[in-house]
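Input: a single structure, listed below in C-alpha cells.
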Amino acid sequence: MTIKKLTRMPYAQAHIEIDENGNIYLFSYVTLVATLTADKWLTVYGLYSCTTCKHISAFIKEYCPLIDYSTAKSIYKANLRMNIETGEVENL
C-alpha cells in the first residue's frame, strides 16, 4: 500500500492510498470518501463537509481529469458510480 498526499493540497488533512492492484482511495481526515478503481470506476461515499468537498474536488482534478466536481457530486446524490473513461454509470 502506497500512501501519499494530494498534490494540489499537500497540507490538507487528506491522503491517498493506492493498493497493489492500482485502486486509489481518498481519505478526508480518517474517513474514506471516494475510490477510483484500477478499471476507472469512481465512487463517492459522502459530501460530509465543505472541507471534504474541497478534498474531493482536488482528488477529481488530480486523478479524474475528464470529469469535474459537479459530476462527482451528481453521481453521489444519485447513488451511482461512474466509469471516468467511458462515462458509463451504474447503481451502487
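Out of the stretch 32-74, which residues are under 24 Å from E20 (Cβ atoms) and basic (K, R)?
K40
Report, ordered by the first and then the second residue, all pairs with beta carbons closer than 9 Å, sequence separation of six or more or different chains, a first member in the stretch 66-88 that is under 15 Å from K54 (Cα atoms), and a second member that is basic (K, R) and open to solvent by 80 Å² or more (accessible area, probe 1.4 Å).
Pairs found: D68/K61; Y69/K61.
Could you count how many residues in the stretch 1-27 are touching a Ser or Thr at 6+ places or on another chain (Cβ under 9 Å) and among the polar types (S, T, N, Q)?
Within the stretch 1-27, residues that are touching a Ser or Thr at 6+ places or on another chain (Cβ under 9 Å) and among the polar types (S, T, N, Q) number 3.
When you go through (1) modelled with pLDDT under 95; (2) part of a strand (DSSP E or B) one by one for E90, which number turns out not to apply?
All conditions pass for E90, except number (1).
Read through the list (1) among the charged types (D, E, K, R); (2) in contact with a Cys (Cβ under 9 Å, 6 or more places away or on another chain); (3) modelled with pLDDT under 95, then give the number of the only condition that R8 fails.
Only one criterion is unmet by R8, namely (2).
Please go through the stretch 68-82 and give me each residue that is open to solvent by less than 50 Å² (accessible area, probe 1.4 Å) and under 21 Å from K5 (Cα atoms), ordered by number.
Across the stretch 68-82, the qualifying residue is only A72.
I'd like the residue in the stretch 45-65 that is open to solvent by 10 Å² or more (accessible area, probe 1.4 Å) and assigned to a loop (DSSP other than H, G, I, E, B) and, out of all such residues, is nearest to R81 (Cα to Cα).
Y45
Taking the residues in the stretch 28-44 that are hydroxyl-bearing (S, T, Y) and in a strand (DSSP E or B) as candidates, determine which candidate is nearest to I75 (Cα to Cα).
T43
Of all residues being open to solvent by 50 Å² or more (accessible area, probe 1.4 Å) and in contact with a strand residue (DSSP E or B) (Cβ under 9 Å, 6 or more places away or on another chain) in the stretch 21-44, which is nearest to L80 (Cα to Cα)? Just the residue, please.
Among those residues, the one meeting the criterion is K40.
The values are calculated or read from the model by the stated rules, or taken from the named source; none is laboratory data. What you see is a predicted model; the values in this text were computed from it and never measured. Backbone-built Cβ (ideal geometry, glycine too); neighbour counts: all protein chains shown. Areas reflect the complete protein model, heavy atoms only, side chains present, ligands, DNA and RNA absent. Shrake-Rupley method; radii C 1.70, N 1.55, O 1.52, S 1.80 Å.
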